[in-house]
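Below: one structure, written as structure tokens.
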Amino acid sequence: MSLLLNGLAASNGIAIAPAYLLVGSDLSIQKQHTNDKDHEVSRLHDSFAFSRQELRVIRDHAYQRLGQRAATVVDTQLAMLNDPALLAAIMDQIKGAGFTAEWAVKVVTDRYLNIFEHQNDNDYLQARGTAMRDVAKRLLSHLLAIDLPDPQQLDHRAIIVAKNVTPTDTAQFSRRYVAGLVTDGGGRTSHFTIMSRTLSLPAVVATKDATAKINNGDLLIVDGIHGKVIVRPSEEELEHYRLLAGQFAREQEAWGALRDQQTISTDGRHFEVAANVGTLADLEDARKNGAEGIGLLRTEFLYMNQAALPDEAQQFTAYKQFVSTMNEQRVVARTLDIGGDKRLGMVPLPQEANPYLGFRAIRVGLAKPEILRPQLRALLRVSVYGRLAIMFPMVATIEEFRQARAILDEEKDKLVAAGVAVADNVEVGMMLEIPAVAMMADLFAPEVDFFSIGSNDLIQYLFAADRGNARVAYLYQELHPAVLRTVKRVIDAAHAEGKWVGMCGEMAGSPLATPLLMGMGLDEFSMRSSQILRIRALIKKLNTRHLQPLVHRALAAKTAPEVTELVKEFIPELKDE
């Protein structure tokens, strides 16, 4: 009898193949001290040398088989191993505290991981954490003389099943043999899911217990469209998914034809479908997937990758690549969004009991103008190379927005006075994430050029539920009538002042939310690149006037499941979502 496992659809597509369990080695260690510090330092140096040697080989193979993007993943880890600060910090634990090399590695890398990981809204920091965890495992494997799992041992077409997959695992994947990916953990923005999309591998993540329920060699169906894994499928299920795979392939071909078209509904309404990006690799994906702009440029990527704050010149060079590459398509740059859960080593911030409600984002920028001003100057200088919009995150009051805009205006006046060219059409807006702002959207709207609804934070604040907490995850309900009413209130208030409204959270890329957002008048949808063509294709099939009855019924509903059924009933092609 077949077994159904549910998870997150992380990379579209359908794969049918036997399972190959990629089980991690046990690298657990106990706290230990040493009487021979010189010996431990020598062992540490050896582990760094062996790790570098291995990674150079992996990097070369990855580049030959998968290209520069896979090689860059390994380059990140090599850069960490070549960072003298990391080696020095570990040596301090050996020489100062008298720890063994193994325990010293754990102490220091755990300290980094505490900074990098658990950042739900910062893909770059999560990627850095994943890379650091991979580096730590490699160092420990040499110190403990334990081999790590090797994906290159796979010699037949199969679906990788693992608890989690490391960056170097994905860099070693063979297009010839790896048919798909299933993991216990991970999320839609985990490194290996991004690589899976790059490699066009169907992937289902966050199944929780796939490795416990799947045996080596079990035939699997991986449904990366709906987030399902079928273990030991029946003949009927196999036949159904073979047909679905053919349908998906035809859809992909049709979606590809949309790349150079505008996204216009059947009644002639134009919608902008843009991408959320945080790295140059994301920019490449956005263009490949038909993005009509960048709805969210996470500027944190530039700050997270170095020991000191980037100066104005460094920021100018980096931002220029995004704005000039998109030509005249709008790039919405979010000013530095750090604090609380997202920390920078070079910016001392207080430890807080509730970081999501703490000292973060524009609150940090206003308190530390020495960080905000150079960033705004760099963005203003870049504005002449394309179409730029600037938005301030986590604004709670009109006074905060006015203060931020005043700083922006001051820096613009200084640049113009110095003879530096600045575009005269730079839009200045804000992320709308706080319910208090939604309640006063009619008063904020005259002050801004646009709103960009950050649905991830807005929803968690509406329900007083941390979206990163599994025990209250059920309260994260993007189709709940309370969310829909809030979004509509914001859109109506902005449109009354002739301003546009975008959305850059997960909700913007949800096919079930798309008809509702269209019907309510959302102007811009910004999402991860892999969803763009799918959402564009859906929008082009719908009529905004015909969606009005659906919107009215959804706003009058009482629960999220009720809204979900309304959407599926109204638009039958979404019944399997």
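Just want the answer: with Cβ charges of +1 for Lys and Arg and -1 for Asp and Glu, which residue in His546, Leu244, Gly278 is farthest toward the dipole's positive end in the chain?
Ranked along the dipole, the leading option is Leu244.
Return a whole-number percent for the relative contact order of region 398-554, with Cα pairs under 8 Å and 6 or more residues apart as the contact set.
19
Straight-line reach only, C-alpha to C-alpha below 23 angstrom: list the lysines that Lys31 could link to, leaving out same-chain residues fewer than 8 apart.
Lys95, Lys106, Lys137
I'd like to know which of Pro310, Gln172, Val332 lies farthest towards the positive end of the charge dipole of the chain, counting +1 on Cβ of Lys and Arg and -1 on Cβ of Asp and Glu.
Final value for the positive-end residue is Gln172.
Given contacts defined as C-alpha pairs under 8 Å and at least six residues apart, what's the relative contact order of the chain, whole-number percent?
Over the chain, the number comes to 14 percent.
Trp500's amide H: which non-local residues (gap 5+, or another chain) put their own amide H closer than 5 Å, with H modeled 1.01 Å from N in plane and none for Pro or chain starts?
Long-range HN contacts for Trp500: Phe451.
Under 1.5 on a/c is rounded, so check that first for region 1-114, then, if it is not, pick prolate when a/b is larger than b/c and oblate when it is not; a ≥ b ≥ c are the square roots of the alpha carbon gyration tensor eigenvalues.
It comes out prolate by the Cα gyration axes.
Using C-alpha positions alone, give me the convex hull volume of region 135-284 per residue in cubic angstrom.
Spread over its residues, the Cα hull of region 135-284 gives 159 Å³ apiece.
For the chain, what are the DSSP H helices with axial Cα length of 27 Å or more and mean Kyte-Doolittle hydropathy of at least -0.5?
123-144
For Val182, Val448, which order do you get if you count the other beta carbons within 10 Å of each Cβ and list the fewest first?
Going from sparsest to densest Cβ surroundings: Val448, Val182.
Report the charge-dipole magnitude of region 466-558 in Debye, nearest 20, computed about the Cα centre from +1 at each Lys and Arg Cβ and -1 at each Asp and Glu Cβ.
300
Evaluate E = 1/(1 + (r/R0)^6) for Glu54 and Asp110, where r is the Cβ-Cβ distance and R0 equals 30 Å; express this FRET efficiency to the nearest 0.05.
0.85
Using a 10 Å cut-off around each Cβ, can you sort Glu237, Glu569, Glu411, Glu370 from fewest to most neighbouring Cβ atoms?
Glu370, Glu569, Glu237, Glu411
Which value, in debye to the nearest 20, describes the size of the charge dipole of the chain about its Cα centre when Lys and Arg Cβ atoms bear +1, Asp and Glu Cβ atoms bear -1, and nothing else is charged?
Charge dipole of the chain: 300 debye, to the nearest 20.
Pairs of lysine in region 260-574 with Cα under 23 Å and at least 8 positions apart or on different chains: total?
Summing the qualifying lysine pairs gives 17.
Tell me the mean residue ellipticity at 222 nm calculated for the chain from its helices only (DSSP H runs of n ≥ 4, each -39500 (n - 2.57), averaged over every residue, nearest 500).
Calculated from helices alone, the mean residue ellipticity at 222 nm is -14500 deg cm²/dmol.
As a footprinting exposure proxy, order Met520, Met439, Met431 by other Cβ within 10 Å, with the fewest listed first.
So the residues, fewest neighbours to most, are Met439, Met520, Met431.
Rank Ala79, Ser200, Met91 by how far each Cα sits towards the positive end of the charge dipole of the chain (+1 on Lys, Arg Cβ; -1 on Asp, Glu Cβ) and give me just the farthest.
The Cα lying farthest towards the positive end belongs to Ser200.
Where nothing but the Cβ of Lys and Arg (+1) and of Asp and Glu (-1) is charged, how large is the charge dipole of region 260-574 around its Cα centre, in debye to the nearest 20?
Its charge dipole is roughly 400 debye.
With the Cα gyration tensor of region 346-461 in hand, convert its eigenvalues to equivalent ellipsoid semi-axes via √(5λ) and list them largest first in whole Å.
Semi-axes (√(5λ), whole Å): 26, 18, 12.
Where a number appears in this text, it was derived from the coordinates with a stated rule and is not lab data. Here the structure is a predicted model, which is why all the values come from computation and not from measurement. Neighbour counts are summed over all protein chains in view; Cβ atoms, including those assigned to glycine, are modelled from backbone coordinates with ideal geometry.
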